[in-house]
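**Student:** The structure under discussion is supplied below as structure tokens; questions concerning it will follow.
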Amino acid sequence: MYKKKFGQNFLVNENLANRIIELEQIKNKNILEIGIGNLALTKKIINNMPAKFFSLEIDKDLLLGIKGKSYFNFIKNIDALKADERSLFNNENFSIISNLPFNISSQLLIKWLKIQNNYRCINSMTLMFQKELAERIVAKNNTRKYGRISILSSAFFNIEKKIDVKKEDFFPIPKVDATVLKFTALKENKVKKNYFSKLEKITSIFFNERRKKNEKKIKKIFNNDLIQEYNLEKYFSLRAENISKEEYYKFCKIL
């Protein structure tokens, strides 16, 4: 029985599960999955012979239902938000494949961005999100959905929209459709390791009142000398969504 509190929506379209699996290199690679659901992805990952594989499942009742099965040993009863992914893989690099629990998907993504910032240990991620969140993650500047999550994510990964998923492909049927995104690690992060907190702060100030122009926001972050030295006045009459990702990354260097 599914549990709403865990954001469980089980994938029931096998063809779709196959398409998701094909987006990742699995054989001889370290793979992490979040939530076993009805094992739609779990079994297929194991069948593709990863080097190491762990699926994290918070729901003990789901685990009881598969106890004694051959794939049970790959599954750990761990809250994904509290997991130490690097220790699971003995500090080796890994990739993530998951139909994410919708209720914690953004929190998990931010967690993994911080891990990538600190350790550059995630090779790639194939993740399913609610469609609206996926659209915000891949949004470009000068669009309504562009915001913090797209800027933070693009500092570490190249992100591509891969598959649109209908809500009828799940049980229970959620209220919204979903989208699968592929994240591929950049050869070099766009921000230095100690700049991530700066990027969070800057984007928070800019986008908390996204419809307001930038003058007061810039003056709140940068002193007058920096504003003049880097000609930040040119952004005063713009709004947060009019500033490119690369410019936000430059702001971190200035601050």
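**Student:** Just for segment 97-120: of the residues that are in contact with a Phe, Trp or Tyr (Cβ under 7 Å, 6 or more places away or on another chain) and crowded, with 18+ Cβ neighbours inside 10 Å, which one is modelled with the lowest pLDDT?
**Tutor:** Only one residue fits best here, namely Pro101.
**Student:** Ok, one more. Being polar (S, T, N, Q) and either surrounded by 16 or more Cβ atoms within 10 Å (Cβ to Cβ) or farther than 25 Å from Asn118 by Cα (or both) is the filter; apply it to segment 132-161 and report the residue that is farthest from the chain's Cα centre (by Cα).
**Tutor:** Asn142
**Student:** Continuing with the same structure: Can you give me the number of residues within segment 197-254 that are surrounded by 12 or more Cβ atoms within 10 Å (Cβ to Cβ), modelled with pLDDT of 95 or more and outside any helix (DSSP H, G or I)?
**Tutor:** Matching residues across segment 197-254 total 10.
**Student:** With the requirement that a residue be among the small types (Gly, Ala, Ser) and under 16 Å from Leu39 (Cβ atoms), what does segment 53-84 give you?
**Tutor:** Across segment 53-84, the qualifying residues are Ser55, Gly65, Gly68, Ser70.
**Student:** Right, something else. Residue check, Phe170 against (1) in contact (Cβ under 8 Å) with a residue 24 or more places away in the chain; (2) surrounded by fewer than 22 Cβ atoms within 10 Å (Cβ to Cβ); (3) more than 27 Å from Ala240 (Cα to Cα), all met but one. Which one?
**Tutor:** Looking at each condition in turn, Phe170 falls short on (2).
**Student:** For residues that are surrounded by fewer than 18 Cβ atoms within 10 Å (Cβ to Cβ) and either part of a strand (DSSP E or B) or touching a helix residue (DSSP H, G or I) at 6+ places or on another chain (Cβ under 7 Å) (or both), tally how many sit in segment 176-188.
**Tutor:** Adding up the residues that qualify gives 3.
**Student:** Something else now. Taking the stated definitions as given, is Glu135 modelled with pLDDT of 95 or more, acidic (Asp, Glu) and under 24 Å from Ile243 (Cβ atoms)?
**Tutor:** Answer is yes for this residue.
**Student:** Among (1) outside the structural domain of Asn142 (by TED's automatic domain parsing); (2) more than 25 Å from Cys121 (Cβ to Cβ); (3) touching a residue at least 24 places away in the same chain (Cβ under 8 Å); (4) of a type outside the set (A, V, I, L, M, F, W, C), which single condition is Asn208 missing?
**Tutor:** Result: Asn208 fails condition (3) only.
**Student:** Please find, among Leu81, Leu23, Leu64, Leu11, the residue that is more than 25 Å from Thr184 (Cβ to Cβ), surrounded by fewer than 21 Cβ atoms within 10 Å (Cβ to Cβ) and hydrophobic (A, V, I, L, M, F, W, C).
**Tutor:** On inspection, the qualifying residue turns out to be Leu64.
**Student:** Also, quick follow-up: Where in segment 21-133 are there strands (runs of 3 or more DSSP E), lying fully within it, with 2 or more residues that are touching a residue at least 60 places away in the same chain (Cβ under 8 Å) and of a type outside the set (D, E, K, R)?
**Tutor:** In segment 21-133, 30-34, 94-99, 122-130 are the strands (runs of 3 or more DSSP E) which contain 2 or more residues that are touching a residue at least 60 places away in the same chain (Cβ under 8 Å) and of a type outside the set (D, E, K, R).
The values are calculated or read from the model by the stated rules, or taken from the named source; none is laboratory data. If you're wondering where the values come from, they're calculated on a predicted model, not measured in any experiment. Cβ sites come from the backbone with ideal geometry, for glycine too, and all protein chains shown count toward neighbours.
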